[in-house]
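The values are calculated or read from the model by the stated rules, or taken from the named source; none is laboratory data. Small disclaimer: the values here were computed from a predicted structure and weren't measured. Cβ: placed from backbone, ideal geometry, glycine included. Neighbour counts: every protein chain shown.
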Amino acid sequence: MDAIEKQLHASPRNLRYILTITILILILFIWSLTTVNLDNIAESGLGIAAGIIGGILNPDLDLLFSFTSQGVLYLLIETIAIAFLGTIIGAILAIPLAFLSATKIVPKPVASVTRLLLIVIRTIPALVYGLMFIRVTGPGPFAGVLTISLASIGMLAKLFVDIIEELDTDILESLDSIGCNTFEKIRYGIWPQLFSMFLSIIIYRFDMNLREASILGIVGAGGIGAPLIFAMNAYRWSEVGSILIGLVVLILLVEFFSNRIRTKLVRG
Amino acid sequence: MYDKIFPPAEITLPNGKVVYEKKSRTPIILVLLVIATILSVRFTDFDMNILLKRWNEFFVIIGQMIPPKWEYLSHVWQPLLDTIKMSLLGSILGSIAAVPAAYFASSNIVSKPVASVAKFLLSILRTLPTLVTALIATFIFGLGTLAGTVAIFLFTVAYVGKLLYEQIENADMGSFEAMESIGMGRLQAFRYAIFPQVLPNYLSTSLFSFEGNVRYAAILGYVGAGGIGLLLNESLGWRDYASVGTILLMLIITVYLIEKVSEHFRKKLI
């Protein structure tokens, strides 16, 4: 037996573990197959698929480039505004919640309760919030803003907490030793550590909120979703095409810029 | 450009050397943010008065959700299981399909033009909101869980595919080249040199996307793509908030359990 063979035999054997997991996944897979029933497939499906592709290839250019309040550009700006304002409000609300759920800052029971609340907020789909807020403000982009702010709190606070828990407290000690007061300690010891990471998280969430905002129109909470649904239900595929093109281009652009800004922020 | 309008401050050090301190960008960014906020307020008809006057309406609805209507529980099981099945099936098939997709999108394995085209297609798929994909799928595959599964499948391919090709492009190419030099084909070398490197991360990403997919699947029923969203839409439409409470409670418990299980396995993988 040479060295190579010895090394080979020394490697841990977890064949049984992998086999169990594989079988488990296979069983789950077969179980989930039972949900698919193929008898529902609409016979017109192929025609509709062709219509959609045709619509995307021949978009309604007038709609795409018009500046009226029905045009794609206006709707996209409205969607951005909803996502932007929602992100800002959500971030402002998330910061105190994040501090309240950091075990470093508050006692454990308080932190656990806040964390549970955050999980609940995070799990409820944004569409449900949308339908609830429509009862508060009536349909329109305002409901969308409130929905986005509430829906972003959960994830923002969770990511904020991770940053807060990783705070380097040695710096506070050294600031203490040179005689800084509490305000100065926060300004020069904590703020610089948190600010850029928080900003990076907020920009990331803005990116996600833009996608959320683009579907909120489905429940009547403003943005580009409503016209999209109307156009689809009326089989106006070229309109659908122009809206989808506008949406995809916008999201890709925002993603590109947000990635660049975030790399810059994190690397300093 | 910015430095020309606001010239950097000149500081002369004690040893006579002159250094420049660039002016901070913070003020202009702040001004831009304030302008954007004001514009957004205009565009969205944001009205603090309405909010102050009617914010309690929101809590009235929440109040009606508590306590949940337990008799409704028997109606919830089937759609909830459907939702889980939809996301499971879509995630498994999607993760499998993501491997060839990522293979063709990695610029270090296939030629540049092919990789760019594949990347472009993947990013378009990823950008389309799942709900929109689901809506299109209901037109093609009819109402029901199949449409939802297709939507989740497409999103998973795009999401896992993107993260996987980033992994592949960052993988160590040494062993790949070594295997090619002893006469293996490109695919074989990929299988034995790259794939084992990215496998743990790939599995972890797939699990993570499954977690997210359960959440997405919960709302797909809203456009008729099956699962618990259908029920949610119905109860909300009837303003039967106690039933909505039941559905949401079950959803929260399910998502929480799935998250915990998947977190356990993901920690093991990395």
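Looking at this structure, is A:Ile124 surrounded by 16 or more Cβ atoms within 10 Å (Cβ to Cβ), at pLDDT 90 or above and touching a Leu at 6+ places or on another chain (Cβ under 9 Å)? So A:Ile124 does not fit the description; no.
Restricted to segment B:137-153, and to residues that are farther than 12 Å from B:Gly221 by Cβ and either touching a residue at least 12 places away in the same chain (Cβ under 8 Å) or more than 7 Å from chain A (Cβ to nearest Cβ) (or both), which residue is farthest from the chain's Cα centre (by Cα)? Among those that are farther than 12 Å from B:Gly221 by Cβ and either touching a residue at least 12 places away in the same chain (Cβ under 8 Å) or more than 7 Å from chain A (Cβ to nearest Cβ) (or both), it is B:Leu146.
Filtered by the rule that a residue be in contact (Cβ under 8 Å) with a residue 12 or more places away in the chain and hydrophobic (A, V, I, L, M, F, W, C), segment A:96-116 gives A:Leu97, A:Ala98, A:Phe99, A:Leu100, A:Ala102, A:Ile105.
Can you tell me how many residues within segment B:51-68 are β-branched (Val, Ile, Thr), surrounded by 16 or more Cβ atoms within 10 Å (Cβ to Cβ) and without any contact (Cβ under 8 Å) to a residue 40 or more places away in the chain? Before you say what the answer is, go through the steps one by one.
Going through segment B:51-68, the residues β-branched (Val, Ile, Thr) turn out to be B:60-62, B:66.
Of the ones still in play, those that are also surrounded by 16 or more Cβ atoms within 10 Å (Cβ to Cβ) are B:61.
Remaining after also requiring without any contact (Cβ under 8 Å) to a residue 40 or more places away in the chain: none.
Residues flagged as β-branched (Val, Ile, Thr), surrounded by 16 or more Cβ atoms within 10 Å (Cβ to Cβ) and without any contact (Cβ under 8 Å) to a residue 40 or more places away in the chain within segment B:51-68 amount to 0.
Residues in segment A:31-68 that are surrounded by fewer than 10 Cβ atoms within 10 Å (Cβ to Cβ) and either within 11 Å of chain B (Cβ to nearest Cβ) or at pLDDT 80 or above (or both): 3 in all. Residue pairs whose Cβ atoms lie under 6 Å apart, separated by 6 or more positions or on different chains, with the first residue in segment B:174-200 and assigned by TED's automatic domain parsing to the domain that holds B:Ala98 and free of Cβ contacts under 8 Å to residues at least 12 places away in the same chain and the second assigned to a helix (DSSP H, G or I) and among the hydroxyl-bearing types (Ser, Thr, Tyr), do not occur.
Given the condition farther than 27 Å from A:Ser196 by Cα, outside the structural domain of B:Ala217 (by TED's automatic domain parsing), without any contact (Cβ under 8 Å) to a residue 12 or more places away in the chain and in contact with a Phe, Trp or Tyr (Cβ under 7 Å, 6 or more places away or on another chain), answer yes or no: does some residue in segment B:14-25 qualify? So that I can check it myself, show each step before the final result.
Taking segment B:14-25 and keeping what is farther than 27 Å from A:Ser196 by Cα, we get B:14-18.
This time we only want the ones that are outside the structural domain of B:Ala217 (by TED's automatic domain parsing), so: B:14-18.
Add one more test, that the residue is without any contact (Cβ under 8 Å) to a residue 12 or more places away in the chain, and what stays is B:14-18.
Filter again for in contact with a Phe, Trp or Tyr (Cβ under 7 Å, 6 or more places away or on another chain), leaving none.
The answer is no, given that none of the residues of segment B:14-25 is farther than 27 Å from A:Ser196 by Cα, outside the structural domain of B:Ala217 (by TED's automatic domain parsing), without any contact (Cβ under 8 Å) to a residue 12 or more places away in the chain and in contact with a Phe, Trp or Tyr (Cβ under 7 Å, 6 or more places away or on another chain).
Listed by first and then second residue, the pairs with beta-carbon distance under 6 Å, at least 6 apart or on different chains, first residue in segment A:133-161 and more than 11 Å from every other protein chain (Cβ to nearest Cβ) and crowded, with 24+ Cβ neighbours inside 10 Å, second modelled with pLDDT under 90 and not in a helix (DSSP H, G or I), are A:Val161/A:Ser101; A:Val161/A:Ala102.
Suppose the filter is assigned by TED's automatic domain parsing to the domain that holds A:Ile88, surrounded by 20 or more Cβ atoms within 10 Å (Cβ to Cβ), under 22 Å from B:Thr130 (Cβ atoms) and of a type in the set (Val, Ile, Thr); does A:Ile119 pass it? No, not satisfied.
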